[in-house]
Amino acid sequence: YSRAPIFGKDTIEREWVLNQRKLLKKYYNSIDEQGLDVCCHMDVIVFPINVTKNFPEILNEQGKIDIALPMTKSLIEDMFDEMFEVFPCLKGIYVRFGETYTGKTYGAPYHTGNNPIIGDHDEYHALLMNYLREIVCEKHQRNIYYRTWSWINGIGVDPFQYEPETYLRITNLV
């Protein structure tokens with residue numbers, strides 16, 4: 001696929017992205033100058049709306065962005081490559097899963113996303129953690145802080161957070 005800009009030249013979306021980039025550089029550099037490690041919080045399965053329109057192969061049968069699909073992995077890898085290039089002071093990412101906050105109300109008006117844990121619970125946690133380790137830790141030599149979340153739609157309380165057996169079963173796959 002082509003790595004052409006997702007947001008066209010002279011569009012309101014591109015202007016928004018460039019303004020966000022400028023603000024983040026200012027914040028991250030200020031933190032870095034204080035000698036503190038800079039880490040950013042992120043919902044992993046969030047893309048510009050244009051990506052889901054231009055790359056429907058990242059969506060599963062239910063219309064959810066699926067980390068198990070090859071194109072999704074490729075696009076996320078590109079996202080991390082660009083993020084660590086643009087923000088070299090980042091020491092790592094703080095990943096959360098569960099509810100995903102996109103849209104104008106949450107400060108991401110041109111983005112969409114979903115919980116990355118959309119298939120077999122254990123399998124998808126292990127898939128996500130192993131993929132992030134490969135790209136973030138091994139390729140980019142950065143840290144990951146993987147935060148569990150206590151609710152999964154349709155399941156209720158996520159056992160990964162509260163049950164030691166589940167935690168060990170999943171982390172032993174990493």
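The values are calculated or read from the model by the stated rules, or taken from the named source; none is laboratory data. Just so you know, these numbers come straight off a predicted model, no measurement behind them. Cβ coordinates were reconstructed from backbone atoms using ideal geometry, including for glycine residues, and neighbour counts include every protein chain displayed.
One residue is enough: does segment 49-58 have a residue meeting the conditions part of a loop (DSSP other than H, G, I, E, B) and not basic (Lys, Arg)? Scanning segment 49-58, I find at least one residue that is part of a loop (DSSP other than H, G, I, E, B) and not basic (Lys, Arg), so the answer is yes. In the set (1) within 23 Å of Tyr145 (Cβ to Cβ); (2) exposed (fewer than 13 other Cβ atoms within 10 Å of the Cβ); (3) basic (Lys, Arg), the condition left unmet by Lys73 is number (2).
May I ask you to list the residues in segment 59-80 that are part of a helix (DSSP H, G or I) and in contact with a strand residue (DSSP E or B) (Cβ under 9 Å, 6 or more places away or on another chain)?
At the first step, the residues of segment 59-80 found to be part of a helix (DSSP H, G or I) are 70-80.
Within segment 59-80, Thr72, Leu75, Ile76, Met79, Phe80 meet the criteria.
In segment 15-48, how many are in a loop (DSSP other than H, G, I, E, B) and loosely packed, with under 13 Cβ neighbours inside 10 Å? The total comes to 4.
Beta carbons closer than 9 Å, at least 6 apart along the sequence or on distinct chains, pair a first residue in segment 1-22 that is modelled with pLDDT of 90 or more with a second that is not in a loop (DSSP other than H, G, I, E, B) and not hydrophobic (A, V, I, L, M, F, W, C) for Glu13/Pro48; Glu13/Asn50; Val17/Pro48. Given the condition outside any helix (DSSP H, G or I), among the acidic types (Asp, Glu) and within 16 Å of Leu132 (Cα to Cα), answer yes or no: does some residue in segment 96-103 qualify? Within segment 96-103, not a single residue is outside any helix (DSSP H, G or I), among the acidic types (Asp, Glu) and within 16 Å of Leu132 (Cα to Cα).
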